[in-house]
1. Scan the stretch 1-20 residue by residue and report those that are closer than 16 Å to ARG107 by Cβ and part of a loop (DSSP other than H, G, I, E, B).
2. List the residue pairs whose Cβ atoms are under 6 Å apart, where the first residue sits in the stretch 71-90 and is at positive phi, the second is assigned to a loop (DSSP other than H, G, I, E, B) and surrounded by fewer than 19 Cβ atoms within 10 Å (Cβ to Cβ), and the two are 6 or more positions apart or on different chains.
3. I need the full set of residues from the stretch 1-16 which are out of contact with any Ser or Thr (no Cβ under 7 Å at 6 or more places or on another chain) and open to solvent by 60 Å² or more (accessible area, probe 1.4 Å), in order please.
4. Take the stretch 52-78 and flag every residue that is modelled with pLDDT under 95 and closer than 12 Å to ASN96 by Cβ.
Amino acid sequence: QVQLVESGGGLVQSGGSLRLSCAASGSIFSIYAMGWYRQAPGKQRELVATITKGGNTNYAGSVKGRFTISRDNAKNTFYLQMNSLKPEDTAVYYCNAETTTKSYWGRGTQVTVSS
């Protein structure tokens, strides 16, 4: 089992920055990829960014160049640095961890960007 706990959401003005954190615990050795997803009201959950165990990253086109996913293996934590935030980035952000047998999700953290 893997447990994920997000933190760092909040309210920010357009153009501002936030950093989300996701602390992983449990069977972290089994994780081969981690990611951030988001879900806005009335919309489906969508991929924001992923990072593999080998450090390869992938970003949604809408956030490329503004968001950066990273990890700190010593702290079992991964991050999403969000810069130049836009109102359309408003959503609940979820962290995700993939193992060979199961996907794990955090409970989500709200990010609200005011115009």
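The values are calculated or read from the model by the stated rules, or taken from the named source; none is laboratory data. Since this is a predicted model, take the numbers as computed values, not measurements. Reconstructed Cβ throughout: ideal geometry from the backbone, glycine too, with neighbour counts over all protein chains shown. Heads up: the accessible areas ignore ligands, DNA and RNA and are worked out on the full protein's heavy atoms, side chains in. Shrake-Rupley method; radii C 1.70, N 1.55, O 1.52, S 1.80 Å.
1. Within the stretch 1-20, the first condition is being closer than 16 Å to ARG107 by Cβ, and the residues that meet it are 1-10, 20.
Listed by number, the residues that qualify are GLN1, GLY8, GLY9.
2. Pairs that qualify, where the first residue is at positive phi and the partner is assigned to a loop (DSSP other than H, G, I, E, B) and surrounded by fewer than 19 Cβ atoms within 10 Å (Cβ to Cβ), are SER84/ARG66.
3. Filtering the stretch 1-16 for residues out of contact with any Ser or Thr (no Cβ under 7 Å at 6 or more places or on another chain) gives 4-5, 10, 12, 16.
Hit for the stretch 1-16 is VAL5, nothing else.
4. Within the stretch 52-78, PHE78 is the sole residue that qualifies.
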